[in-house]
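Please read the structure below before turning to the comments.
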Amino acid sequence: MFGYRVPAPDEAMLISGGRRGLGGAPFRVVTGHGKFVLPIFRKTRFLTLSMCEAEVTETCVTRQGIALHVRAVIAFKVGNDTESIINAGQRFLSDQDQMSVLTGRIFAGHLRSIIGSMTVEEIVTERQKLAAEVLDTSKTEMAKIGLIVDSLQIQSIDDGDVGYIDAMSAPHKAAIQRQAQIAQAQATQASVEAEQVAARNQAEYARQTAVVKAEYSAEVDRAQAQAAQAGPLAQAHAQQEVLAAQTELAQRAAQLRQQQLVAEIVKPAEAEAERIRVLAVAEAERMKIQAAAAASYDRVALDRMLIDQLPQIVKEAAGGLAGANVNVLNGADGLGEIAAGLVGQGLTILDSVRQNLSGSDHRPEKGNGPLGLPGHLTGPEKGMDKKDGPRKPADGPVVID
């Protein structure tokens, strides 16, 4: 629109003509918005608010009298407040490039002043302290001309051909070189160790490879040997199976022959032996029966013989009394008792012989008794005393001297 002016974001619009500005300034300051400006009656100018740069290269003498070439860079701009804009507009509006020139000169002066109060060691080792002091001393002066400093950087410090800084840095350089040599030696040692480890690994790998190859070769040889032996082993195994089958066949033939021999010889022999044993048992039983019959016949004959000889036995007993001195105390009765005792003794002997014959083995043994009787018939018999002859009858005594 005609007469409406708008400043850029990094500019301040200064309107002169008409009424005065703040604090009696010959212009009004407009930033951030537009304004109507009457042509012919009003004049409009623009002041930059952007960042500006000033470079300072100055030879300064330290407190030790050593000249140093210092190079610094200052970043500055016009302040954003109205007062700063008015101060800067009044001084640099017609020639804004003078801001950098003036700023450089101001900082050159302050830089010489501050460096003159410091040593080379402090300047080299405490650059940030040097910059802070320069900024602090120049702040008031820069504010008067409407400028503010954003930063001050000391880019380089050089003593020329004096060599003071180099001498000062020599111990550090030596230490650094020593550390560099140590680091290089350590690196070389590490490299050598790494090479040795790599060589050992390669040797170990070669050894393992050789072992694997040898094992593979041995396995191949074993497989080939087994393959070469497979035919003979199979043939031997087949022959072994044939021999085993023949052996089993021979064993079965032997078992069959054995069974045939048992059927042809042993069984008939056993049957014949059983027949003979049965016949022998029958014969023995027959002979036993015959012997029993013969023994029974002998007992009957013996009984007859004893009965037939009983009178003779009594007679012999009576004859034994013939020479004895016998006193008969009771007369005829006593004599009758003696005769009756003799007959009873004969009968007792006969009974004893019968009993002995029945308990013996069917054959009467010839003894030492009277009349050829068995030996167990000797001794006292029934009705006889052991020493004194016939026992005393109940009715009267019989005395034999």
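Are there any pairs, at least 6 apart or on different chains, whose C-beta atoms fall under 8 Å, with the first in the range 123-141 and more than 18 Å from L68 (Cα to Cα) and the second surrounded by fewer than 16 Cβ atoms within 10 Å (Cβ to Cβ), and if so, which?
Matching pairs, first to second residue: T137/S113.
All but one of (1) outside any helix (DSSP H, G or I); (2) more than 20 Å from R63 (Cα to Cα); (3) β-branched (V, I, T) hold for T103; state the number of the condition that does not hold.
Here T103 meets the rest and fails (1).
Would you call E141 within 60 Å of the chain's Cα centre (by Cα) and either surrounded by 10 or more Cβ atoms within 10 Å (Cβ to Cβ) or assigned to a helix (DSSP H, G or I) (or both)?
Values: within 60 Å of the chain's Cα centre (by Cα): no; either surrounded by 10 or more Cβ atoms within 10 Å (Cβ to Cβ) or assigned to a helix (DSSP H, G or I) (or both): yes.
For E141, the condition - within 60 Å of the chain's Cα centre (by Cα) and either surrounded by 10 or more Cβ atoms within 10 Å (Cβ to Cβ) or assigned to a helix (DSSP H, G or I) (or both) - is not met.
Would you mention how many residues in the range 117-138 are open to solvent by less than 30 Å² (accessible area, probe 1.4 Å) and over 19 Å from S151 (Cβ atoms)?
Here is the first cut: in the range 117-138, the residues open to solvent by less than 30 Å² (accessible area, probe 1.4 Å) are 118-120, 123, 130-131, 134, 138.
Next cut, over 19 Å from S151 (Cβ atoms) only: 118-120.
Number satisfying all stated conditions: 3.
Given the structure, is F27 open to solvent by less than 90 Å² (accessible area, probe 1.4 Å) and either within 22 Å of V149 (Cβ to Cβ) or at pLDDT below 90 (or both)?
On the way: open to solvent by less than 90 Å² (accessible area, probe 1.4 Å): yes; either within 22 Å of V149 (Cβ to Cβ) or at pLDDT below 90 (or both): yes.
Judged against the criteria, F27 is a match.
Output the residues belonging to the range 71-91 that are of a type outside the set (V, I, T), open to solvent by less than 10 Å² (accessible area, probe 1.4 Å) and farther than 16 Å from D10 by Cα. Break it down stepwise before answering.
Looking only at the range 71-91, we keep the residues that are of a type outside the set (V, I, T), and these are 71-72, 75-77, 79-81, 83-84, 87-91.
From the residues that got through so far, the ones that are open to solvent by less than 10 Å² (accessible area, probe 1.4 Å) too are 72, 76, 79, 88-89.
The answer is A72, and nothing else.
So which residues in the range 74-99 are over 30 Å from G163 (Cα atoms), outside any loop (DSSP other than H, G, I, E, B) and in contact with a strand residue (DSSP E or B) (Cβ under 7 Å, 6 or more places away or on another chain), if there are any at all?
Keep residues of the range 74-99 that are over 30 Å from G163 (Cα atoms), which gives 75-99.
Add one more test, that the residue is outside any loop (DSSP other than H, G, I, E, B), and what stays is 75-78, 82-92, 98-99.
Selection gives A75, F76, K77, V78, T82, S84, I85, I86, A88, G89, M99.
Give the residue, chosen from R71, R63, that is assigned to a loop (DSSP other than H, G, I, E, B) and within 30 Å of E122 (Cβ to Cβ).
On the way: R71 fails: assigned to a loop (DSSP other than H, G, I, E, B).
Going through R71, R63 in turn, the sole match is R63.
The values are calculated or read from the model by the stated rules, or taken from the named source; none is laboratory data. Every value quoted in this text rests on a predicted model; they were computed, and no experiment measured them. So basically every Cβ, Gly included, is an ideal-geometry build from the backbone, and we count neighbours across all protein chains shown. The protein model used for the area step is the full one, side chains on, heavy atoms only, and it has no ligands, DNA or RNA in it. Shrake-Rupley method; radii C 1.70, N 1.55, O 1.52, S 1.80 Å.
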